[in-house]
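Trainee: Below are the structure tokens for one structure; questions will follow.
The values are calculated or read from the model by the stated rules, or taken from the named source; none is laboratory data. Predicted, not measured: the structure shown is a model, and the values here were computed from it. Here the Cβ positions follow ideal geometry from the backbone for every residue, glycine too, while neighbour counts run over all protein chains shown. Ligands, DNA and RNA are stripped out before the accessible areas are found, and what is left, the full protein with its side chains, is counted by its heavy atoms. Shrake-Rupley method; radii C 1.70, N 1.55, O 1.52, S 1.80 Å.
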Amino acid sequence: MSFVSVCHIDKIFPGTGVCALIKGKQVALFRPSDNAEVFALDNMDPFAKSNVLSRGLICEHNKQLWIASPLKKQRFNLETGDCLEDQSVSIKSYPVKITDGTVAVSL
Amino acid sequence: MKKIIVVGNGMVGHHFIDQLLASDSEFEITTFSEEAHLAYDRVHLSSYFTDNSVEALMLTNEQYYDDNGVRYLVNDRVVAIDKTLKCIHTQNGVTASYDSLVIATGSFPFVPPIPGNDNEHCHVYRTIEDLDAIRNSAKDAQIGVVVGGGLLGLEAGKALVDLGLKTHVVEFAPRLMAVQLCSEGGGLLRGKIEELGVEVHTEKNTQSITQGESCRYRMNFADGSFLETDLILFSAGIRPQDKLARDSQIEIGERGGIVINDYCQTSEPDIYAIGECALWQGKIFGLVAPGYSMAKVAAKHIDGHIDKQFLGADMSTKLKLLGVDVASIGDAHGVSDGCKTYQFLDGVNGVYKKLVVNSSGDRLLGAIMVGDASDYGQWLQLYLNDMPLSQGPEYLLLPDADEGSSSSAMGVDALPDSASICSCFDVTKGQIREAVQAGACSMADIKSCTKASTGCGGCSALTTQVLNSELEKQGVEVSTDICAHFAYSRQELFDIIRVKKIQSYDALLSEYGSGGGCEICKPAVGSILASLWNDYVLDDAHIGLQDTNDIFLGNMQKDGTYSVVPRVPGGEITPDKLIAIGQVAKQFDLYTKVTGGQRIDLFGAQLHELPIIWQQLIDAGFETGHAYGKSLRTVKSCVGSTWCRFGVQDSVGMAIDLENRYKGLRAPHKIKFGVSGCTRECAEAQSKDIGIIATENGWGLYVCGNGGMRPRHADLFATDLDDQTLVKYIDRVLMFYVRTADRLQRTSVWMENLDGGLDYLKEVVIDDKLNIAAELESDMQNVVANYQCEWKTTINDEKRLQRFKQFINTDELDSNISYVRERGQRRPATEVEKISTIELVTEA
């Protein structure tokens, strides 16, 4: 599994997300709190077909973490990419590794 | 088309017309009124002295009748009916023919035959004209007397108190409200009213009115005593206005009233009588609800339906008289055979309740309540539906001994579907249940689809209970908790944050919540923190709370780009600033559109462009317009007295001042203002959360209006305000809204759900009933003092600016965004257009 380094974790403010362009693919990275935990999902909102998920709101439901799309608020599981509103919809999730503060993603 | 003539355009006459308009058949309707105004609300007549507005009382208007093809003649009295030719003649010589005639002439006030009752400052209390006359007489007066201590008399007493007069009530009977109340209840009511400074004189028989010594008049009583006063108001009962029918040889009851059958037909089958002029089985119904029922029956019958009949009406009433709750149900005096009574007297809190039950003690026959009428709705249902009392009657009377269980000892679930919940609009429990099944899930929904609780509002508590119970049955959990992370409502969270001076979401969550927070509670708490402390919303502690638009200080569009809206206070803009906006739009190729709030929206800005665009706008003298926030949006204005030949005040100047004062105020939802320079209302202020309309004497304040999906006319809140008072009231209204509304609740819905509604809001804001006005003002002052242009702060903050780019690891742009040009500007390409663009490129 090859990981691509993206940025230092300090570039992602706790409680927010950012978007990275990795090998031509838009990947959304989320840092739910101030610890060194980061999740990666496709940046494209599959409903609106727009690259916006990194700008959504991180939320917790049933002890799991989700990102609510900034457009129409559908929620996607940060670990699996499954959509809470529509079980037939799922987006890709990617493994993340943090080494010495550097965030790396494997496509 | 069948010709219908309605004689009299009062509450009942108008309701009849509404019923006809709602039917599937078409009618040619003509209505006559001897008054200058079309139908208005006589039940709340005394509000004319506080609101000073005829409009607020109006139940209809010329426009509505014009739109629905209803002909109307005001200031003209119908004087004769020609039953043979089936036509009527008016005082002014108008003749009109009819197929069906409806007499809805109402009643007139009874003036006791006392010598001197025709003096200049002796009045009755029935029409707007009467009220104008009363007000004129009150101008140089100190003392006023109401003759009559019944319902209407006490209502008139309130009017005199509102006019600032030392008020006396003179009653012939030994107690107040002799028809409804027993001596204990009457005595308690008297005590409460006297506490308010109104003097009550019972068992006084006025014999003459002569010239006074210290006042205009002296009233001489049979017992030798006298009372001096400047103004006398007769409110000693009503008499049916049956003269027209009498002159036309239509059957009249012995003691007056036009005799009607169960279809509201008089002795002439083509002629109907409804409302207070009608006599059914020897009874006159002096309340509006039975009048509405008659209107419904007559309309149905004229439309050819014979299934609906008028079968009498319940005369139970609940009123607030001079601020005292009074209610009477059924056989309040306990005159039924074998009945028993139970009484409860709380001398400390001033509460009196009496129950009349049948001989076996398991059915409620009647009741009286003074000082606390909160059980009225429940008890009325027990009475109307002849429901068995589950426990002994004494349990109904005792105050909540057992917290949590309702004192009424009856849930709404026990009511049959046929139970009438709203008597003004005849809405049953079954109809509310059907509305909930059809998807209604809030009081606002119920009000708009059934009209329940939109008349006198007396049934609002009961309607809410039915709604909640039906929702629960459907599995909808009726919880006021904001979400799973906080077991508090938004209002409770607001109070916690305010009182405990909590500064961040994390601090609140760790002490009062659980879990990680979600897309509901995070923005809600973010908004509360901003309302209270007005910190920079992109601060480290707050950034993760901000919703879609706030987090990048722009309105996100469907393709992930943003729209940019600079503030244009009051809609006033210099040519230079207009050019500056044009230059920015041109440079960044932004789609440009003028908004409804009198400013300019620039669409299609990408993340990395936002700071550059704002830098240029700020350099040109603009500030953020907060178009992205749940906050003050715009203050729309007309051009006002500076240019307009009709304007009476400087509406633009006021709009600019208000917009600059409240800009940046974060609230449960967006807030819009409008300021009009005269009553022509070109700024459409009555469709705004806060509407201001100039008058010759100052400003009229309207609150809680809305346009959009569910339009609502704003309610008149206060009139003739000077600038300072206007701002003071707005400060208080807005802060009270910010404190108490639910998340994402506009002021219109907030008002509709506010217990006590407009009157309560007035009490809080104008009378400072909760003693929080100073606090509300200082909270607002704090927000005003801590205003910052968020974009100015942002472009000067390197750390924040890092977030304004599409990718964290490269300066490339989002290749998915593509545009097509249309009407000279660009717009986002549709999915189909995106594909064809790609194909074109491939082929080339």
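Trainee: Above 48 Å lies some portion of the pair distances; for chain B, what is it as a whole percent of all C-alpha pairs?
Mentor: 33 percent
Trainee: Charges at C-beta only: +1 for Lys and Arg, -1 for Asp and Glu. How large is the resulting dipole of the protein assembly as shown about its Cα centre, in Debye rounded to 20?
Mentor: In debye, rounded to 20, the protein assembly as shown gives about 1760.
Trainee: If I model a spin label as a point 7 Å beyond the Cα along the Cα-Cβ vector, how far apart are those points for B:GLN249 and B:ILE835 in nm?
Mentor: 8.5 nm
Trainee: In whole angstrom, how far apart do the alpha carbon centroids of region B:590-604 and region B:704-741 sit?
Mentor: What the calculation gives is 27 Å, centre to centre.
Trainee: Taking a probe of 1.4 angstrom, what is the accessible area of B:CYS87 in Å², to the nearest 10?
Mentor: We get 10 Å² for B:CYS87.
Trainee: Find how many whole Å separate the alpha carbon centroid of region B:422-477 from the alpha carbon centroid of region A:41-94.
Mentor: Rounded to whole Å, the Cα centres lie 37 Å apart.
Trainee: A follow-up question, please. Quote the convex hull volume per residue of region B:598-702, based on C-alpha atoms, as a whole number of Å³.
Mentor: With only Cα atoms used, region B:598-702 gives 114 Å³ per residue.
Trainee: Same structure again: With a sphere of radius 12 Å drawn around the Cβ of B:GLU155, what net charge do the other residues whose Cβ falls strictly inside it have (Lys, Arg +1; Asp, Glu -1)?
Mentor: +3
Trainee: If you find the alpha carbon centre of region B:541-556 and of region B:763-815, how far apart are they in angstrom?
Mentor: With region B:541-556 and region B:763-815 each reduced to a Cα centre, they are spaced 11 Å.
Trainee: Residues with amide H under 5 Å of A:LEU57's amide H, sequence separation 5 or more or different chain, H placed in the peptide plane at 1.01 Å from N; which?
Mentor: Answer set, sorted by chain and number: A:ALA68.
Trainee: Going by amide H atoms built from the backbone, whose H comes under 5 Å of the H on B:LYS2, apart from near neighbours?
Mentor: Distant-sequence amide H within range of B:LYS2: B:GLU28.
Trainee: Round to the nearest 10 and report in Å² the accessible area of A:LYS73, as given by a 1.4 Å probe over the protein chains' heavy atoms.
Mentor: 70 Å²
Trainee: Further, regarding this structure: Once you put a point 7 Å from the Cα of B:GLN281 and another 7 Å from the Cα of B:GLU798, both along the Cβ direction, what distance in nm separates them?
Mentor: Going by the 7 Å Cα→Cβ label model, 8.9 nm.
Trainee: Here's something else I'd like to know. Just the C-alpha atoms of region B:710-813: what Rg/Rh do they give, with Rh taken as the Kirkwood radius?
Mentor: My calculation of the ratio gives 1.18.
Trainee: Based solely on C-alpha atoms, express the radius of gyration and the Dmax of region B:457-512 in angstrom.
Mentor: Spelled out, the Cα radius of gyration and Dmax of region B:457-512 are 15.6, 43 Å.
Trainee: Region A:9-51: which residues show an accessible-area loss of 40 Å² or more, assembly versus chain alone, 1.4 Å probe?
Mentor: Residues meeting the cut-off: A:LYS11, A:PHE13, A:THR16, A:CYS19, A:LEU21, A:GLN26, A:LYS49, A:ASN51.
Trainee: Does region B:122-236 come out rounded, prolate or oblate by the C-alpha gyration tensor, with a ≥ b ≥ c the root eigenvalues, rounded set by a/c under 1.5 and, if not, prolate when a/b is larger than b/c and oblate if not?
Mentor: Oblate, since a/c reaches 1.5 and b/c is not below a/b.
Trainee: Can you give the Rg/Rh ratio of the protein assembly as shown, where Rg is from the C-alpha atoms and Rh is the Kirkwood radius?
Mentor: Radius of gyration over Kirkwood radius for the protein assembly as shown works out to 1.03.
Trainee: So, for chain B, what is the accessible surface per residue at a probe of 1.4 Å, expressed in square angstrom?
Mentor: Heavy-atom accessible area per residue stands at 44 Å².
Trainee: Can you find, among B:GLN745, B:MET735, B:LEU801, the residue sitting farthest towards the positive end of the charge dipole of region B:706-844, where Lys and Arg contribute +1 and Asp and Glu -1 at Cβ?
Mentor: The residue sitting most towards the positive pole is B:LEU801.
Trainee: Considering protein heavy atoms only and a 1.4 Å probe radius, which residues within region B:795-830 exhibit an accessible-area decrease of no less than 40 Å² in the full assembly relative to the chain by itself?
Mentor: Residues passing the criterion (a loss of at least 40 Å², heavy atoms only) are B:ARG803, B:GLN806, B:PHE807, B:ILE808, B:ASN809, B:ASN816.
Trainee: Additional query: Ignoring ligands and nucleic acids, what accessible area does B:THR317 show with a 1.4 Å probe (Å², nearest 10)?
Mentor: Counting only protein heavy atoms, B:THR317 exposes about 20 Å² to solvent.
Trainee: Dipole magnitude of chain B about its Cα centre, charges +1 at Lys/Arg Cβ and -1 at Asp/Glu Cβ only, in debye to the nearest 20?
Mentor: 840 debye
Trainee: Next question, about the same structure. Could you work out Rg/(2.2 N^0.38 Å) for region B:621-669, with Rg from alpha carbons only?
Mentor: 1.34
Trainee: Per q in 0.17, 0.20 1/Å, what log10 I(q)/I(0) does a Debye calculation on the alpha-carbon atoms of region B:632-785 return?
Mentor: Debye intensities relative to I(0), on a log10 scale: -0.93, -1.29.
Trainee: Starting from the 7 Å offset along Cα-to-Cβ, what nm value, one decimal, do you get for the label separation of B:ASN119 and A:LYS25?
Mentor: 9.6 nm
Trainee: Test of understanding: express the Cα radius of gyration of region B:571-644 as a ratio to 2.2 N^0.38 Å, with N the residue count.
Mentor: 1.18
Trainee: Next up: Quick one: work out the % antiparallel among DSSP beta bridges in region B:572-711, nearest 5.
Mentor: Of the beta bridges lying entirely in region B:572-711, close to 60 percent run antiparallel.
Trainee: Next question, about the same structure. When the expected Rg is taken as 2.2 N^0.38 Å, what fraction or multiple of it is the alpha-carbon Rg of chain A?
Mentor: Against the compact-globule rule of thumb, the ratio is 0.98.
Trainee: Report in % the part of the accessible area of region B:543-681 that belongs to carbon and sulfur, leaving out ligands and nucleic acids; probe 1.4 Å.
Mentor: Ligands and nucleic acids excluded, carbon and sulfur give 52 percent.
Trainee: Then there's this: Only bridges with both residues in the protein assembly as shown count here: give the DSSP antiparallel percent, nearest 5.
Mentor: Percentage antiparallel, nearest 5: 70.
Trainee: Additional query: Per residue, what accessible area does region A:4-105 have, given a 1.4 Å probe and all protein chains present, in Å²?
Mentor: Per-residue value: 42 Å².
Trainee: Just to be sure I understand: of the beta bridges DSSP finds with both ends in chain B, what percent are antiparallel, rounded to 5?
Mentor: 65 percent
Trainee: A further question on this structure: Can you work out the FRET efficiency for the pair B:GLN788 and B:SER360, with r the C-beta to C-beta distance and R0 = 51 Å, to the nearest 0.05?
Mentor: With R0 = 51 Å, the Cβ-Cβ based efficiency is 0.10.
Trainee: What is the sum of charges, Lys and Arg at +1 and Asp and Glu at -1, for the other residues whose Cβ falls under 12 Å from the Cβ of B:LEU726?
Mentor: -2
Trainee: Go through chain A and flag any cysteine with no other cysteine's C-beta closer than 4.7 Å, please.
Mentor: By the Cβ distance rule, which asks for a partner under 4.7 Å, the isolated cysteines are A:CYS7, A:CYS19, A:CYS83.
Trainee: Report, ordered by chain and residue number, the lysines lying within cross-link reach of B:LYS3, taken as a straight Cα distance under 20 Å and ignoring same-chain residues fewer than 8 apart.
Mentor: The reachable lysines, counting only those whose Cα sits under 20 Å from B:LYS3, are B:LYS83, B:LYS86, B:LYS296, B:LYS300.
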